[in-house]
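All remarks here apply to the structure that follows.
The values are calculated or read from the model by the stated rules, or taken from the named source; none is laboratory data. Keep in mind the model is a prediction, meaning the values are calculated, not measured. Don't worry about glycine lacking a Cβ; one is built from the backbone with ideal geometry, like all the others, and counts go over all protein chains shown. These accessible areas exclude ligands, DNA and RNA; they are computed on the full protein's heavy atoms, side chains included. Shrake-Rupley method; radii C 1.70, N 1.55, O 1.52, S 1.80 Å.
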Amino acid sequence: MRQDEIKALFDQQAASYDSQWAKTAPIRHCLHLLLESQFAALPRDAQILCVGVGTGAELAHLASKNPGWRFTAVEPSGPMLNLCRERAQAEGFASRCVFHEGYLESLPTAAPHDAATCFLVSQFILDTGERSQFFAGIANRLKPGGLLASSDLAADVDSPEYEVLLRAWMNMMAAAELTPENLQRMRTAYANDVGVLPPATVASILAAGGFELPVLFFQAGLIHAWLSRRA
């Protein structure tokens, strides 16, 4: 799936995105709880880069817990970023945010950030070299030793365990009231349009992008999340 196709898909889904995934919120809440603990040592005035921020769920969580932090929200989908901005305004932290509609490479140069988040984004980059370059772009926006919390769908798709995980994952999606057509579309996308790779491979991609010691700190079904430090 090309960048323009992915952007068009999220443009189309923006209005219903949060409601569509509402029943899977416990996964997101757990990830954010652990994210909060992983970022606990950051300074009170930390600058946080949120890449592929979507409607701003992790940004809102971090902003509510850290009133001194400032954020750069990067999102190529205008409708998704508008929802993120509306959330920030409604919850009172918009003045601490810079909103950038576009990709990371078009973000104006600014002071390096203390940490970054990148949730369920790099999986859409199928070429592993390009995926490492994507992470290198994040590393270039961080201070030396800056933290990256990233998550992606990950599994060894050639293993018998994958079918067990995928079946359970699809059952959960069905409980989230996705239509049978959407479920089949997701299964097809995981096979053809999403870079679902073994967790160790994703960790090596992070390392090749300039990050040290990617540590798996969260897993729920197919979602895996790593904490890495800029080399």
| query | Hey, any hits in segment 67-81 for a residue that's over 20 Å from Ser150 (Cα atoms) and acidic (Asp, Glu)? | reply | no
| note | Ala174 fails exactly one of (1) small (Gly, Ala, Ser); (2) open to solvent by less than 30 Å² (accessible area, probe 1.4 Å); (3) more than 24 Å from Pro76 (Cβ to Cβ), namely (2)
| message | Here is a list: Val74, Val98, Val53, Val121. Which entry is over 18 Å from Arg230 (Cβ atoms) and surrounded by 15 or more Cβ atoms within 10 Å (Cβ to Cβ)? | response | Val53
| request: Read through the list (1) among the hydrophobic types (A, V, I, L, M, F, W, C); (2) open to solvent by less than 60 Å² (accessible area, probe 1.4 Å); (3) over 26 Å from Arg131 (Cα atoms), then give the number of the only condition that Ile6 fails. | output: (3)
| Filter result for Leu107 (surrounded by 15 or more Cβ atoms within 10 Å (Cβ to Cβ), within 17 Å of the chain's Cα centre (by Cα), within 24 Å of Asn140 (Cβ to Cβ) and hydrophobic (A, V, I, L, M, F, W, C)) | no
| note | Looking across segment 124-135 at residues that are open to solvent by 20 Å² or more (accessible area, probe 1.4 Å) and of a type in the set (A, V, I, L, M, F, W, C), the single one that is modelled with the highest pLDDT is Phe134
| said: When you scan segment 188-196, do you find a residue that is without any contact (Cβ under 8 Å) to a residue 24 or more places away in the chain and surrounded by 14 or more Cβ atoms within 10 Å (Cβ to Cβ), even just one? | reply: no
| request: Kindly check whether there is at least one residue in segment 149-158 that is under 18 Å from Thr24 (Cα atoms) and open to solvent by 70 Å² or more (accessible area, probe 1.4 Å). | output: no
| field | Unmet requirement for Leu81, which otherwise passes all of (1) closer than 24 Å to Ile223 by Cα; (2) in contact (Cβ under 8 Å) with a residue 40 or more places away in the chain | value | (2)
| segment 143-192: number of residues that are closer than 19 Å to Ile205 by Cα and of a type in the set (A, V, I, L, M) | 7
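Yes/no matrix, rows are residues, columns are (1) touching a residue at least 40 places away in the same chain (Cβ under 8 Å); (2) open to solvent by less than 60 Å² (accessible area, probe 1.4 Å); (3) within 19 Å of the chain's Cα centre (by Cα):
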site	(1), (2), (3)
Glu163	no, no, no
Arg185	no, no, no
Ala208	yes, no, yes
Gly221	yes, yes, yes
